[in-house]
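The values are calculated or read from the model by the stated rules, or taken from the named source; none is laboratory data. These numbers were taken from a predicted model, which means no experiment stands behind them. So basically every Cβ, Gly included, is an ideal-geometry build from the backbone, and we count neighbours across all protein chains shown. Just the protein is used for accessible areas: all its heavy atoms, side chains included, with ligands, DNA and RNA removed. Shrake-Rupley method; radii C 1.70, N 1.55, O 1.52, S 1.80 Å.
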Amino acid sequence: LSTLHALNGVGLEDQANKVAQAILDKAAQKPGEAHRPGRRVIRALVHAELGEDARAIGELRQAVREGFRSLYDFEDFVHLSEKPAFKRLKGNPEFRAVLATIEAENAKQRDRVLAARSGARPAAPAA
């Protein structure tokens, strides 16, 4: 992804597109393979880098549906909204909504863990 970002940064669009397609192909869901939401995030980053905001947000939204719950990229130790490809999406309401969904899911999970530790019964999930 850093190579893609660098190529885009210096205006080498053809090379950037080749790198992007290679990453998208590698991160694609293979037939019969278990879902890997992290791959969706990689695809979202590539689409964002290419300026394909709707596709980027769609991939990120699908990653959340498949169980992705990390607001931080621990490889770079940054919040998702600070990833270079996602930075310009920070003001996008759909992008913010996906991040808010992750935050809400994490809060629910945290509440369940704390309730289990205290011996209390966790609240039933909303239908």
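Quick notes on this one:
- Computed FRET value (nearest 0.05) for residue 69 with residue 3, which takes r as the C-beta separation and R₀ as 25 Å: 0.35
- Reported label for calculated percent of Cα pairs over 20 Å apart given (1) 40; (2) 61; (3) 50: (3)
- Averaged over its residues, the chain has an accessible area of 64 Å² per residue, based on protein heavy atoms and a 1.4 Å probe.
- Charge tally in the Cβ shell below 14 Å around residue 12, where Lys, Arg are +1 and Asp, Glu are -1, residue 12 excluded: -2
- Nearest-0.05 FRET efficiency for residue 29 and residue 104, computed from C-beta distance (R0 25 Å): 0.45
- Contact order for the chain, expressed relative to its length and based on alpha carbon pairs under 8 Å spaced 6+ residues apart, stands at 17 percent.
- Protection proxy ranking for 69-75, 36-42, using the average of other Cβ atoms within 10 Å per residue and placing the highest first: 36-42, 69-75.
- By accessible area, using a 1.4 Å probe on protein heavy atoms only, region 1-112 has 53% of its surface on carbon and sulfur.
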